[in-house]
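Notes to accompany the following structure.
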Amino acid sequence: MEHHQQPEPLSPPELAALRRSMTDGRLAMTRRSLLRAGGAAAAVIGGAGALSACGIPPAGRTDAAGSADHSAAEKRVTFSNWTEYMDVSDDGKHRPTLETFTRRTGIEVKYTEDINDNDEFFGKVQAQLAAGQDTGRDLIVLTDWMCARMISFGWIQTLDQANLPHAYAQLSAQFRTPAWDPGRAHSYPWQGIPAIIAYNKKATGGRKVESITQLLEDPQLKGRVGFLSEMRDSVGLTLLDMGKRPEDVTADEYDAAIARIQKGVDTKQIRRFTGNDYTNDLDKGDIAACVAWAGDIVQLQHDNPAIAYTIPKAGYMTSTDNLMVPNRARHKKNAERLIDFFYEPKNAARLAAYINYTCPVDGVREELAKIDKALAENPLILPDEEMAARSHSFRALSGKESKEFTQKYSDLTGA
């Protein structure tokens, strides 16, 4: 077995970023309702601290592998996902799409919401995967940069495309060719997560806010601008505004973007850096304009017609949460059948109507319109070709780069 690319314990700024995500970041509210964090969040943060202090056996690269597949004999699949990331019935007692899958296939789904943060989940499964052991999970959902990390270690199985006819045919072109998983050999997107510009029309006097330049320089917005505490989104949008590509950003380009945002801090153009807590201030107009997550804006617009958004001409940032099968999973084929099920337009539409993120499945519009015509016409959920072409993603960072980039952004935000 080869061992290299050893991950080091999380640095203090990376741990701080984890805590921010847990308490007020994208994890805190965006999946339709507030994350029921409470004691769970404390446990996660405590676990992260223990991971950093005590250390888990270092991760090593292994050849992507599976155990004997027991799918035929064992009609079940274990699916780990994030909180509030699956459609539920009005009474909260049923998950309609999962129940439909079971009725159709006879495969029981053990569905658990045990992913609260990418780094924290990595800590849960790292030792088992490094040792070539079964994690007890057949299907997991992680964000693109963590997917890249785990694939690079050889911990994720290659998918059998013969079991994924709908996924292969229906995957939107926007998501087909990520640099970290060429050809989607190991993953399929669960949802896309756009970072855009949002504003309150009452607070701006009816003026549109259309670029990062305007956020950082428009004197009429001074002191009423918000940027996200999530580095990849805020810096990524700034890079695009500067004519640079987040997909292949250099250290010098990153530093230039940091300097540009720093100027907005020094001139007090930027009011503050936020997680999801920007939504209340934007709704009230205390923040006139900000970098925002599309899922939040779709939800805010339900109740406040003054909330508007812009897709910058320079482009916007999109990350993805992705379905993957870890090494040694007992029910790989069952997991692939479940992935494929969610790529049938009718099932994808049910998810999109509940989650309100960007749906990665083509052919959904007609099915979604049967549920909610407004959602079917919303380009944040179903982008057209022109909008999809303006989507960008932040490149995967090495462990060293992650520490350096996170430290610089932490210094900037004062976190």
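The values are calculated or read from the model by the stated rules, or taken from the named source; none is laboratory data. Everything numeric here is computed off the predicted structure, so don't read it as measured data. Backbone-built Cβ (ideal geometry, glycine too); neighbour counts: all protein chains shown. Ligands, DNA and RNA are excluded from the accessible area calculation, which covers all protein heavy atoms including side chains. Shrake-Rupley method; radii C 1.70, N 1.55, O 1.52, S 1.80 Å.
Remark on T143: its backbone amide H falls under 5 Å from those of N322, a criterion applied only to residues 5 or more positions apart or on other chains, H modelled at 1.01 Å from N. Near Q191, the amide H atoms lying under 5 Å from its own belong to D321; only residues 5 or more places off or on other chains count, and H is placed 1.01 Å from N. Here the Karplus relation 6.51 cos²θ - 1.76 cosθ + 1.60, evaluated at θ = phi - 60°, turns the backbone of region 368-383 into coupling constants of 5, 4, 5, 8, 7, 5, 5, 5, 5, 9, 8, x, 6, 9, 10, x Hz, with x for every Gly and Pro.
Computed from point charges on the beta carbon alone (+1 for Lys and Arg, -1 for Asp and Glu), the dipole magnitude for region 323-365 about its Cα centre is near 240 Debye. L98 contributes an accessible area of around 10 Å² to the protein surface, as traced by a 1.4 Å probe with all chains present. Cross-link partners of K110 among aspartates and glutamates, defined as those whose alpha carbon lies under 12 angstrom from its own and excluding same-chain residues fewer than eight positions apart: E99, D138.
Pairs K263/K284; K333/K403; K201/K373: which are spaced more than 32 Å apart, C-alpha to C-alpha? Long pairs (Cα-Cα over 32 Å): K333/K403. Taking amide H as placed 1.01 Å from N in the peptide plane, D114 has its amide H under 5 Å from the amide H of N81, each at least 5 places away in sequence or on another chain. Computed over neighbours whose Cβ is under 13 Å from that of F101, the net charge equals +3, Lys and Arg +1, Asp and Glu -1. Here the Karplus curve 6.51 cos²θ - 1.76 cosθ + 1.60, taken at θ = phi - 60°, turns the phi angles of region 223-240 into couplings of x, 10, 10, x, 10, 6, 6, 7, 4, 4, 6, 5, 5, x, 5, 5, 4, 4 Hz, with x standing for Gly and Pro.
Rolling a 1.4 angstrom probe over region 80-236 with all protein chains present gives an accessible area of which 48% lies on carbon and sulfur atoms. Full extension of the chain segment joining A131 with K93 gains 9.9 nm, where the gain is 0.36 nm per residue of separation less the Cα-Cα distance.
Per residue, the accessible area of region 214-348 comes to 35 Å², computed with a 1.4 Å probe over protein heavy atoms only.
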